[in-house]
Amino acid sequence: MKGKPIWAAIAALLFFATGAQAQYVTNGTAAQLSCNCYRLTLPQVDQFGSVWNENMISLDQPFDFTFDVFLGTDNGGADGIAFVLQPISTSIGVGGGGLGYQGIDPSVSIEIDTYQNGSNGDPQYDHVAIMANGNSDHNSPQNLAGPISALPLNLNIEDGQEHLLRISWNPVGQILRVYIDGFLRLEYTGDIVTQIFGNDPMVFWGFTGSTGGLYSAQRFCLSILPGMEVTVSQICAGDSVMVLDSSYSALGSIAQWQWDFGNGQTSMAEDPGFVTFPDPGQFYIVQSIVDAAGCDAMDSTLLVVLPNPVAAFTAVDACDGDPVIFTDQSTAQTGNINSWHWDFGAGSDPSPIRNPSLLFPHSGPFDVQLTVTTAQGCSGQVTQQVNVNPLPQAMLDQSSAGAIATFQALTGPDETAQWFLGDTIISEASFQLTFPDSGWHSITLVITTQFGCTDTLIHDFHIDAVSEFLAPNVFTPDGDNVNDRFEPYTYAVNEANLHIFNRWGRPVFSFEGPLATGAPWGWDGTVNDGAEAAAGTYYFMLDLTGADGAHFNQRGTVTLLR
């Protein structure tokens, strides 16, 4: 039997080879209650009981014994019990405050004392100690370890509950350990074979117990411990748990196993292995065992199978060059979703963001997979197609004749055109415009597909209009920004030469050079040194070069008024 002490297997072989029912010898008030449980004392005064295994064990070999012990239900009860190793006999023990082991010499006793004898140095709580040679006085050199409270979290072990007592011996390290309810309570290191048993390793083992003026019902059971090793207590629907057996019987090996997993599945295997739970819910895994002595035991554990979250998301189709925005719509029946994993394909890196956005490398349909996981580790997954639509290509035909320009958008099926010329917006595929001036102009064409994807083209073109000009005959440079300059109006004129003379023929202003759009170039009413010219009549000479190459000149007068 895996994981079981060798002494238990040897004892079981001896038991069944002889067919004897007296593998354990009872004395005093002790009695066998069931196939694996023995009473030590009744809840009466002046009781004494001892139970000894009739087969000696060797302390040259390790042992690891496990028992269920019951110390009663009365916080003021007495006196306690002891696990004893001794080489003398299977019919010894005494009553009174010595817990039945007092005077057994040589011996090693592990006492669980529930009555405080001040003369023995007992603490004021239920305690455990390792004592030598039948001496129960904690003030003596025979006190090997302790005393310490029997329970780590409660000073009273007479609580009406069975407690797990485990005692192990390691002859290599010469370490004796005592555990109660899984907690290490005492540890003693020493050569007990040499120092206590005179180099003779062969000893009997058993339990003693007693009551005096106060009393408790006291018993122990040779543990038949169903051992369910279920890897976890909570899984997600569709997952599996590993179910193994680690059952133990002090009476020998386990002969039969019966498993009921609560989901319609059963097994009679020792180790069922992986068991899958496809549906959520609460399932009790029940294990029943029967040992070689015919004693049975049962245990169960609750397995919670959580529902998986439902993964869902929305995504708005995008145009090539624009990111696709994803919105998580997943839900969880149990727990909260705290992890998102997006797999976009197309060579893109995955994302852990709940609501990511992604710029795909090109247009096309893409299968996007979202996996969501709750804080409890349950996952759901969904795959959905998103579309990245291709962009159109903006193209146009344009021609001009004089001041008139013709435009034609080259659109494909289900495509629309929109033109932007300054503040003017035109929503026709083709149209004509008349321009008021020669020169370079720019127009923007935006092509839009049925999916809202766009492409933009900026087109520069030239208008060759007929040059014109008009010179005013009066101006008023008074600073009111109205007719403040003598600046002939020009249309499709590239260069100008303007010279202003007073009535005596002296020059007062000159301008020569190209005309920049929007830049002032005429006479502002000041003479060459910056002083204001006097009101009156002045003479001008104007030479112009048109955008179409024409040349114009004019001579005349202009009146300056202030």
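The values are calculated or read from the model by the stated rules, or taken from the named source; none is laboratory data. For clarity, every value in this text was computed on a predicted model and none was experimentally measured. Methodologically, a virtual Cβ is constructed for each residue, glycine included, from the backbone with ideal geometry; neighbour enumeration extends over all protein chains shown.
Looking only at the stretch 430-447, which residues are farther than 16 Å from C319 by Cα and assigned to a strand (DSSP E or B)? Correct list: S430, F431, Q432, L433, T434, G439, W440, H441, S442, I443, T444, L445. The residue of the stretch 526-546 that is surrounded by the most Cβ atoms within 10 Å (Cβ to Cβ), among those that are closer than 15 Å to F486 by Cβ and aliphatic (A, V, I, L, M), is L544. Residues of the stretch 377-390 being surrounded by fewer than 18 Cβ atoms within 10 Å (Cβ to Cβ) and assigned to a loop (DSSP other than H, G, I, E, B), which ones? Correct list: G377, P390. With respect to the conditions (1) under 20 Å from D68 (Cβ atoms); (2) surrounded by fewer than 21 Cβ atoms within 10 Å (Cβ to Cβ); (3) in contact (Cβ under 8 Å) with a residue 60 or more places away in the chain, V178 lacks only one, and its number is (2).
Residues that are modelled with pLDDT of 50 or more, surrounded by fewer than 20 Cβ atoms within 10 Å (Cβ to Cβ) and not in a loop (DSSP other than H, G, I, E, B) within the stretch 1-52 comprise V25, T26, N27, A31, Q32, C37, listed in sequence order.
Could you list, in sequence order, all residues of the stretch 409-429 that are surrounded by fewer than 15 Cβ atoms within 10 Å (Cβ to Cβ) and in a strand (DSSP E or B)? Residues satisfying the conditions are T424, I425.
So, of the residues in the stretch 364-390 that are of a type in the set (A, V, I, L, M) and at pLDDT 95 or above, which turns out to be farthest from L457 (Cα to Cα)? So that I can check it myself, show each step before the final result.
To start, the set of residues in the stretch 364-390 that are of a type in the set (A, V, I, L, M) comprises 368, 370, 372, 375, 382, 386, 388.
Next, only the ones that are at pLDDT 95 or above stay: 368, 370, 372, 382, 386, 388.
On the way: V368: 33, L370: 38, V372: 44, V382: 41, V386: 28, V388: 22 Å.
Checked the stretch 364-390; the qualifying residue farthest from L457 (Cα to Cα) is V372.
Residues that are outside the structural domain of Q432 (by TED's automatic domain parsing), small (G, A, S) and either at pLDDT 95 or above or surrounded by fewer than 16 Cβ atoms within 10 Å (Cβ to Cβ) (or both): does the stretch 547-555 have at least one? Yes, the stretch 547-555 has at least one match. Identify, from the list P87, P106, P123, the residue that is of a type outside the set (F, W, Y), within 57 Å of the chain's Cα centre (by Cα) and over 18 Å from S216 (Cα atoms). Just a single option satisfies the conditions, and that option is P123.
Yes or no: the stretch 44-55 includes at least one residue that is of a type in the set (S, T, Y), in contact with a Ser or Thr (Cβ under 9 Å, 6 or more places away or on another chain) and in the same structural domain as Y179 (by TED's automatic domain parsing). Give the derivation first.
The first filter runs over the stretch 44-55 and keeps only residues of a type in the set (S, T, Y), leaving 50.
Within this subset, residues satisfying the condition of being in contact with a Ser or Thr (Cβ under 9 Å, 6 or more places away or on another chain) are 50.
After this cut, where a residue has to be in the same structural domain as Y179 (by TED's automatic domain parsing) as well, the list is 50.
Yes - at least one qualifying residue is present in the stretch 44-55.
Among the numbered conditions (1) among the polar types (S, T, N, Q); (2) outside the structural domain of G412 (by TED's automatic domain parsing); (3) part of a loop (DSSP other than H, G, I, E, B), tell me where Q450 comes up short. Q450 satisfies every listed condition except (2).
Would you check which residues across the stretch 329-346 are under 18 Å from the mean Cα position of the chain (by Cα) and not in a strand (DSSP E or B) and list them? Hits for the stretch 329-346 are S330, A332, Q333, T334, G335, N336. If you go through the stretch 281-333 and pick out every residue that is over 30 Å from A269 (Cβ atoms) and among the β-branched types (V, I, T), you end up with 7. Out of the residues in the stretch 440-455 that are surrounded by fewer than 14 Cβ atoms within 10 Å (Cβ to Cβ) and in contact (Cβ under 8 Å) with a residue 24 or more places away in the chain, state the one that is nearest to the chain's Cα centre (by Cα). For the stretch 440-455, the residue satisfying everything is G452.
Quick grid of which residues meet (1) surrounded by fewer than 21 Cβ atoms within 10 Å (Cβ to Cβ); (2) closer than 22 Å to G76 by Cα; (3) modelled with pLDDT under 95:
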position: H138; (1), (2), (3): yes, yes, no
position: I148; (1), (2), (3): yes, yes, no
position: L153; (1), (2), (3): yes, yes, yes
position: D159; (1), (2), (3): yes, yes, yes
position: V172; (1), (2), (3): yes, no, no
position: D191; (1), (2), (3): yes, no, no
position: T194; (1), (2), (3): yes, no, no
position: F197; (1), (2), (3): yes, no, no
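Scanning the stretch 477-514 for residues that are surrounded by 14 or more Cβ atoms within 10 Å (Cβ to Cβ) and either part of a loop (DSSP other than H, G, I, E, B) or on the phi > 0 side of the Ramachandran plot (or both) turns up P477, N483, D484, R485, E487, P488, A492, N502. If you go through the stretch 98-105 one residue at a time, do you hit one that is among the small types (G, A, S), under 16 Å from T208 (Cα atoms), crowded, with 22+ Cβ neighbours inside 10 Å and at pLDDT below 95? The answer is yes; a qualifying residue exists.
Within the stretch 221-232, residues that are at negative phi reach partners that are in a loop (DSSP other than H, G, I, E, B) and surrounded by fewer than 19 Cβ atoms within 10 Å (Cβ to Cβ) with beta carbons closer than 6 Å, at six or more positions or on different chains, in the pairs G227/S246; E229/S246.
Scanning the stretch 429-456 for residues that are among the polar types (S, T, N, Q) and under 30 Å from H362 (Cα atoms) yields a count of 6. Residues in the stretch 457-476 that are surrounded by fewer than 13 Cβ atoms within 10 Å (Cβ to Cβ) and either under 30 Å from D317 (Cα atoms) or free of Cβ contacts under 8 Å to residues at least 24 places away in the same chain (or both): I458, D460, L470.
For the stretch 246-269, a residue qualifies if it is modelled with pLDDT of 95 or more, in contact with an Asp or Glu (Cβ under 6 Å, 6 or more places away or on another chain) and not polar (S, T, N, Q), and exactly one does: W257. Within the stretch 347-376, track down each residue that is among the polar types (S, T, N, Q), in a loop (DSSP other than H, G, I, E, B) and free of Cβ contacts under 8 Å to residues at least 60 places away in the same chain. Correct list: S348, N355, S363. Screening the stretch 248-286 for residues that are closer than 14 Å to D299 by Cα and within 35 Å of the chain's Cα centre (by Cα) and picking the one that is surrounded by the fewest Cβ atoms within 10 Å (Cβ to Cβ) gives Y284. Checking each residue in the stretch 68-83 for being crowded, with 20+ Cβ neighbours inside 10 Å and in a strand (DSSP E or B) picks out V69, F70, G80, I81, A82, F83.
The lone criterion from (1) closer than 30 Å to P280 by Cβ; (2) small (G, A, S); (3) in contact (Cβ under 8 Å) with a residue 40 or more places away in the chain; (4) buried (at least 16 other Cβ atoms within 10 Å of the Cβ) left unmet by A405 is number (1).
Which of the residues spanning the stretch 280-304 are part of a loop (DSSP other than H, G, I, E, B) and at pLDDT below 95? Result: A292, A293, G294, C295.
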